[in-house]
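Single-structure report; data block below.
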Amino acid sequence: MVGRPYDPVYIDGEKQPDDTWRQEDGFLLTYSNWYPNEPNGNGNCIQLCTGDKWCDVRVGLIQDVTYSWEE
């Protein structure tokens with residue numbers, strides 16, 4: 001990830017079989033901040049990308065992650 005001085009950040013969201021994105025607790029994601037041309041179908045999880053936009057990535061590609069959530 002060009003321009004990010006720290007490890008990738010995983011956002012609580014997973015792609016569902018019906019192509020929706022849900023939080024791990026099952027709630028539908030109603031806000032999105034996708035990078036242009038994302039999600040492109042390459043992944044099933046959301047990661048912060050350049051400019052704090054979102055990219056979809058495969059879980060196996062994320063090694064060191066920081067989990068983010070709101071209470």
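Every number here is computed from the coordinates shown, using simple stated rules; none is lab data. What you see is a predicted model; the values in this text were computed from it and never measured. Here the Cβ positions follow ideal geometry from the backbone for every residue, glycine too, while neighbour counts run over all protein chains shown.
Using the Cα gyration tensor of region 9-68, with a ≥ b ≥ c the square roots of its eigenvalues, what is the shape: rounded (a/c below 1.5), prolate (a/b larger than b/c) or oblate (neither)? In terms of gyration-tensor shape, rounded. Summing Lys and Arg as +1 and Asp and Glu as -1 over all other residues whose Cβ lies under 12 Å from the Cβ of ASN33 gives a net charge of -1.
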